[in-house]
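The values are calculated or read from the model by the stated rules, or taken from the named source; none is laboratory data. As the structure is a computational prediction, the values presented were derived from the model and not from experiment. We place every Cβ from the backbone using ideal geometry, glycine too, and count neighbours over all the protein chains shown. SASA here: full protein model, heavy atoms, side chains in, ligands and nucleic acids out. Shrake-Rupley method; radii C 1.70, N 1.55, O 1.52, S 1.80 Å.
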Amino acid sequence: MSYDLVVIGTGPGGYVCAIRAAQLGMKVAVVEKRKTHGGTCLNVGCIPSKALLHASEMFAQALHDLPALGVIVGKPQLDLPAMMKHKDDTVAANVTGVGFLLKKNKVDAFFGRGVIKGAGKVDVIADDGGVTSLETRNIVIATGSEAATPPGVSVEFDEKTIITSTGGIALTEVPAKMLVIGAGVIGLELGSVWKRLGADVTVIEYLDRILPGIDQEVAKQFQRILEKQGVKFLLASKVTAVEKSGDGATVSFEPVVGGEKQTIEANVVLVATGRRPYTEGLGLEEAGVAMDRGRVVIDDHFCSSVPGIYAVGDVVRGPMLAHKAEDEGVAVAEIIAGQHGHVNYDVIPGVVYTMPEIATVGKNEEELKAAGVAYKVGKFPFTANGRARAMRALDGFVKVLADAETDRVLGVHIVAMGAGELIAEAAVLMEFGGSSEDLARTCHAHPTMSEAVREAAMAVEKRAIHS
């Protein structure tokens, strides 16, 4: 069978790439090792975790917040199987939707392990060992990533007691004590889910701060918010061993600088120390594709060292984000079609879907200082926002960073309920090279949370009205 393009992997980068290529007139096939499309994101990552984050937040609101609004429902009871069914139903609907879109766009789907046999050839190895050979003019690698373990630590996952994020969305009961290794996005999101449902949650982190890469002021304030919610932190601590013990697990750790080794026991240990590219077994080295620490080396047009073999998403450089992979998938499809696809890596938002959420786009203060860029700061707290007060959602603030000379917005950082939605206007502004003045003079509906974004832009020139 011969194609213009074969895409290996049908996560956000892969299926979007395939659909865009089909729209541009190419004959396209996808290869997927799972029994369902959607990759980690739709099956065991972004989508199911957000379903549980929402459901657990509703439970927490009923437990703690509704009486203050005059809504008396009594003490809520947790039906964890029903909550998990909501999660599974959400996943099924999204996965089915991707399959429908591939069929609608006449993309052929092959299920099995894709192995590149050189430029222009992909073998699909089915579970029963059968092999289907595909001939193609172009190949796109979009195989995503898998959970990583702490450096130098051997961890045996059973996804019940010692778990990755995959186990973290599928526990059959709320653990009395949960230890989360890693204070990044995945650890804090899933730790928040189980904390709301009743677990005693402790987060242990090698660095002396949470959320590496996030604006430091944002991270510090957010840590205080989580501590107020009952999450405990052990920072600047190096994990040296993770072992099963009895009905739970024991984690050994020591301070990064000085101090004695300690142990902590938990019913469940969630290892959330990042992810690594999933590139093993694809035949990349045999095909001559250059690699760098498990990543595919690409040029500015997403092409690997072998002409006709491209890569996008978690297997290449840049943040491991579904929407970044989607943009790259569209761009490489357009490049293969002879168009000028591109991705603006300076305007890729990131969101932490806790409560409140964190949303960022562009540079943070530490990055601007390191680059020697002169900038101005405008901040506005949600305690001064009428809609936030009406919803009892007062935690957080908006920070706008603008170039000191040109006033062009370089970064926006938000801690707030619904921050992931609020960040979109900042991304649009920055995509068009907008200034803080542009944002400050744009009328926003009242009362809305978005008014805080405008007020932060006004604060760049010290003219915020409500603070």
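Determine the pairs where a residue that is farther than 13 Å from residue 93 by Cβ, located within segment 43-54, has a partner that is part of a helix (DSSP H, G or I) and of a type in the set (Lys, Arg) with Cβ atoms under 8 Å apart, the partner being 6 or more residues away or on another chain.
These pairs meet every condition: 52/87.
Out of curiosity, is residue 133 part of a helix (DSSP H, G or I), among the polar types (S, T, N, Q) and at pLDDT 95 or above?
No: the conditions fail for residue 133.
Can you say whether residue 452 is crowded, with 17+ Cβ neighbours inside 10 Å and either of a type in the set (D, E, K, R) or over 29 Å from residue 70 (Cβ atoms) (or both), as far as the supplied structure shows?
Numbers: crowded, with 17+ Cβ neighbours inside 10 Å: yes; either of a type in the set (D, E, K, R) or over 29 Å from residue 70 (Cβ atoms) (or both): no.
For residue 452, the condition - crowded, with 17+ Cβ neighbours inside 10 Å and either of a type in the set (D, E, K, R) or over 29 Å from residue 70 (Cβ atoms) (or both) - is not met.
Show the residue pairs that are 6+ apart or on different chains and have beta-carbon atoms under 8 Å apart, the first residue being within segment 97-122 and under 15 Å from residue 137 (Cβ atoms) and of a type outside the set (Gly, Ala, Ser), the second being open to solvent by 60 Å² or more (accessible area, probe 1.4 Å) and in a strand (DSSP E or B).
121/135
Kindly evaluate residue 108 against the criterion of being at pLDDT below 95, of a type outside the set (Gly, Ala, Ser) and either open to solvent by 20 Å² or more (accessible area, probe 1.4 Å) or out of contact with any helix residue (DSSP H, G or I) (no Cβ under 7 Å at 6 or more places or on another chain) (or both).
On the way: at pLDDT below 95: no; of a type outside the set (Gly, Ala, Ser): yes; either open to solvent by 20 Å² or more (accessible area, probe 1.4 Å) or out of contact with any helix residue (DSSP H, G or I) (no Cβ under 7 Å at 6 or more places or on another chain) (or both): yes.
No.
Testing residue 61 on (1) part of a loop (DSSP other than H, G, I, E, B); (2) among the polar types (S, T, N, Q); (3) more than 30 Å from residue 123 (Cβ to Cβ), one condition comes back false. Which one is that?
(1)
Of the numbered conditions (1) at pLDDT 95 or above; (2) of a type outside the set (Val, Ile, Thr); (3) within 16 Å of residue 148 (Cβ to Cβ), residue 293 fails exactly one; give the number of that condition.
Tallying (1) at pLDDT 95 or above; (2) of a type outside the set (Val, Ile, Thr); (3) within 16 Å of residue 148 (Cβ to Cβ), residue 293 fails exactly one: (1).
Scan 252, 305 and give me the residue that is closer than 24 Å to residue 120 by Cβ and of a type in the set (Ser, Thr, Tyr).
Working: 252 fails: closer than 24 Å to residue 120 by Cβ.
Going through 252, 305 in turn, just one is closer than 24 Å to residue 120 by Cβ and of a type in the set (Ser, Thr, Tyr): 305.
Yes or no: segment 64-85 includes at least one residue that is of a type in the set (D, E, K, R), touching a strand residue (DSSP E or B) at 6+ places or on another chain (Cβ under 9 Å), open to solvent by 50 Å² or more (accessible area, probe 1.4 Å) and at pLDDT 95 or above. Full working, then the answer.
Applying the first criterion (of a type in the set (D, E, K, R)) to segment 64-85 yields 65, 75, 79, 85.
Remaining after also requiring touching a strand residue (DSSP E or B) at 6+ places or on another chain (Cβ under 9 Å): none.
No, the conditions are met nowhere in segment 64-85.
Listed residues 127, 200, 208, 158; which is surrounded by fewer than 23 Cβ atoms within 10 Å (Cβ to Cβ), of a type in the set (Asp, Glu) and at pLDDT below 95? Walk me through it before giving the result.
Numbers: 200 fails: at pLDDT below 95; 208 fails: at pLDDT below 95; 158 fails: at pLDDT below 95.
Selected residue: 127, the only one of 127, 200, 208, 158 that is surrounded by fewer than 23 Cβ atoms within 10 Å (Cβ to Cβ), of a type in the set (Asp, Glu) and at pLDDT below 95.
Which of (1) within 17 Å of residue 80 (Cβ to Cβ); (2) open to solvent by 40 Å² or more (accessible area, probe 1.4 Å); (3) part of a loop (DSSP other than H, G, I, E, B); (4) not small (Gly, Ala, Ser) does residue 171 not meet, given it meets every other one?
All conditions pass for residue 171, except number (2).
Return yes when residue 18 is outside any loop (DSSP other than H, G, I, E, B), open to solvent by less than 10 Å² (accessible area, probe 1.4 Å) and not aromatic (Phe, Trp, Tyr) and no when it is not. Break it down into steps so the answer makes sense when it comes.
On the way: outside any loop (DSSP other than H, G, I, E, B): yes; open to solvent by less than 10 Å² (accessible area, probe 1.4 Å): yes; not aromatic (Phe, Trp, Tyr): yes.
Yes; evaluated as a whole, the condition is true for this residue.
Can you confirm whether segment 424-443 contains a residue that is of a type in the set (Phe, Trp, Tyr), out of contact with any Pro (no Cβ under 8 Å at 6 or more places or on another chain) and not in a helix (DSSP H, G or I)? Break it down into steps so the answer makes sense when it comes.
Going residue by residue through segment 424-443, those that are of a type in the set (Phe, Trp, Tyr) are 432.
Subset that is out of contact with any Pro (no Cβ under 8 Å at 6 or more places or on another chain): 432.
With the extra rule that they be not in a helix (DSSP H, G or I), the set shrinks to 432.
Yes, that holds for at least one residue.
With the requirement that a residue be under 27 Å from residue 120 (Cβ atoms) and in contact with a Phe, Trp or Tyr (Cβ under 9 Å, 6 or more places away or on another chain), what does segment 18-37 give you? Don't jump to the end; show me each part of the working.
In the first step, residues of segment 18-37 are kept if they are under 27 Å from residue 120 (Cβ atoms); the result is 18-34, 37.
Hits for segment 18-37 are 26, 27, 28, 29, 30, 31, 32, 33, 34, 37.
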